[in-house]
Amino acid sequence: MVLMIVLLILTTLLLHPAQDASVVTEAFDDATALLRQGEYEEALAQYETIQSMHVASAALWHNMGIAHYRLNRLGYAILYFERAARLDSDSEVIRHSLRVARERQVDSFSSLPRPFWRTMQAAVLRFVSPGAWFISGLLFLYGAVLLHIMRIRGRRTLPMGQSIYVVLPLLACGCVIIGLSSSYSPAEPESAVIIVPETTLVEQADSAAPPVEVVHEGLVVDIQTQTPGWVLVQLSNGTRGWVPSGQLESI
């Protein structure tokens, strides 16, 4: 009897993922059929249900972008096209949809050249995480301290000579600096999309603050910092300003 109960539990646990996948696939197919029929609101309702199941799919977000685009919600359309492009950057269909949506944007700001150190930082972090750099720095520091203790106690100098006593502390400092700086200032800042038709960036996190720039839906901005109800963003031309948090959404 006990064995049968255990087998039943194991069978249930094994079957649930397959059943969940089947439910998601069926819901996606139903939503896509509604999308093709021009029932955009109904399709979005289905897609949002799938999204609430913590499903991250380029096809899902691309179709949601199409539905929003057809409903003239340019901000949300670009938001979902951007999300889809980040999951599947090689898809020509997604890139085309994003280009078409961007052509309807009102704003067109120039872009500042990317600092060379940001490019180097991104290249370095592509292979090693900030945490790994920090831990490596601590290990190098531990090794440097250990060598100095051995040297003070009069033990034999290492074959590589005196340079090791300089190289290890330098490596330790470099790794710790890379780890800490990358944690507090990522190479790729978090981006967001303006989702309201029009909003004004202001100098401070206060609706009565002086205006900085008027921006429109679909504009991609970089998030600098956040406070309750407000987000400090930076435009591609370097302009910074505060915007209410409900008027943009993170990619």
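Here are a few things to note about the model shown:
Residue by residue, here is whether (1) of a type outside the set (A, V, I, L, M, F, W, C); (2) in contact with a strand residue (DSSP E or B) (Cβ under 7 Å, 6 or more places away or on another chain); (3) assigned to a strand (DSSP E or B); (4) farther than 30 Å from Ala58 by Cα holds:
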position: Glu213; (1), (2), (3), (4): yes, yes, yes, yes
position: Val233; (1), (2), (3), (4): no, yes, yes, no
position: Asn237; (1), (2), (3), (4): yes, no, no, no
position: Gly241; (1), (2), (3), (4): yes, yes, yes, yes
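- Helices (runs of 4 or more DSSP H) completely within region 80-185 that count 2 or more residues being at pLDDT below 85 and either over 18 Å from the mean Cα position of the chain (by Cα) or surrounded by 13 or more Cβ atoms within 10 Å (Cβ to Cβ) (or both): 116-125, 130-152, 164-184
- Residue satisfying condition, being more than 26 Å from Ala45 (Cβ to Cβ) and charged (D, E, K, R), within set Arg73, Arg104, Arg99: Arg99
- Listed by first and then second residue, the pairs linking a residue in region 232-251 that is within 15 Å of Glu213 (Cα to Cα) to a residue that is among the acidic types (Asp, Glu) and part of a strand (DSSP E or B), with Cβ atoms under 9 Å apart and 6 or more places separating them unless they lie on different chains, are Val233/Asp222; Gln234/Asp222; Leu235/Glu213; Leu235/Asp222; Ser236/Asp222; Thr239/Glu213; Gly241/Glu213.
- Residue in region 210-232 that is nearest to Glu249 (Cα to Cα), counting only those that are more than 24 Å from the chain's Cα centre (by Cα) and surrounded by fewer than 15 Cβ atoms within 10 Å (Cβ to Cβ): Val214
The values are calculated or read from the model by the stated rules, or taken from the named source; none is laboratory data. Everything numeric here is computed off the predicted structure, so don't read it as measured data. Glycine gets a Cβ as well: all are built from the backbone with ideal geometry, and neighbour counts include every protein chain shown.
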